[in-house]
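Visitor: Sharing a structure here in structure tokens format.
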Amino acid sequence: MSEDTPFVLRGGDSHDVALYNRINAINRIKYLSKVDLREKSSTFLKLLDLEMWTRWYKNKAPDDKISEEFCQRAAEVILAMEGNDPLLDEQEFNNAVSEHTAMLLTKEKNNVNEHAESSEQDAEPPGQQVEG
């Protein structure tokens, strides 16, 4: 993928696909913002995560996928942060991480419950199984 073209998520669940998507998102954000996130401190990256969460993703699905819109929003936040020396509120960051984790666990639990319910509904009633 070329950095000057919009980001397109590659589908799949493998570790390699996840790495491919992350690398391409970082490259796209670098192209848009002229800032290489690989050179930034962990504090800067936490501030970026917190700002992205607070501005846009707090009310979205917790497993929302990376997109061109995400890259553009990240570039916008990075440009606003560059040259400023914002301080990280560790408690606020930890609260956001906890909130996001709770949302993921709730979604996962709901998916498991939905799967269990559909499996039970699809099953033959006792004594009704067809022998083959």
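Visitor: For LYS30, give me every one of the lysines with a C-alpha distance below 27 angstrom, ignoring sequence neighbours fewer than eight places off in its own chain.
Guide: Filter leaves LYS40, LYS46, LYS58, LYS60, LYS65.
Visitor: Amide H to amide H under 5 Å from LYS40: which residues, 5+ apart in sequence or cross-chain, H placed 1.01 Å off N in plane?
Guide: Long-range HN contacts for LYS40: none found.
Visitor: If you don't mind, there's one more thing I want to ask. Describe numerically, in nm with one decimal, the distance between label points set 7 Å from Cα along Cα→Cβ at LEU87 and at ALA61.
Guide: Result for the modelled spin labels: 3.9 nm.
Visitor: Spelling out what I want: for every residue of the range 70-83, take phi, set θ = phi - 60°, compute 6.51 cos²θ - 1.76 cosθ + 1.60 (Karplus), and round to whole Hz; glycine and proline get x.
Guide: 4, 4, 5, 5, 4, 4, 4, 5, 4, 4, 5, 7, 4, x
Visitor: From Cα coordinates alone, what are the radius of gyration and Dmax values for the range 15-120 in angstrom?
Guide: 16.2, 58
Visitor: With a ≥ b ≥ c taken as the square roots of the eigenvalues of the C-alpha gyration tensor of the range 44-104, please select rounded if a/c is under 1.5 and otherwise prolate if a/b is larger than b/c or oblate if it is not?
Guide: Working: a/c = 2.90, a/b = 1.16, b/c = 2.51.
The shape class here is oblate.
Visitor: With each pseudo-label sitting 7 Å past Cα toward Cβ, what's the ILE26-MET1 distance in nm, one decimal?
Guide: It works out to 1.4 nm between the two label points.
All of the numbers you see were taken from the coordinates with simple rules; none came from a lab. Because the structure is a prediction, the values reported are computed rather than measured. Neighbour counts are summed over all protein chains in view; Cβ atoms, including those assigned to glycine, are modelled from backbone coordinates with ideal geometry.
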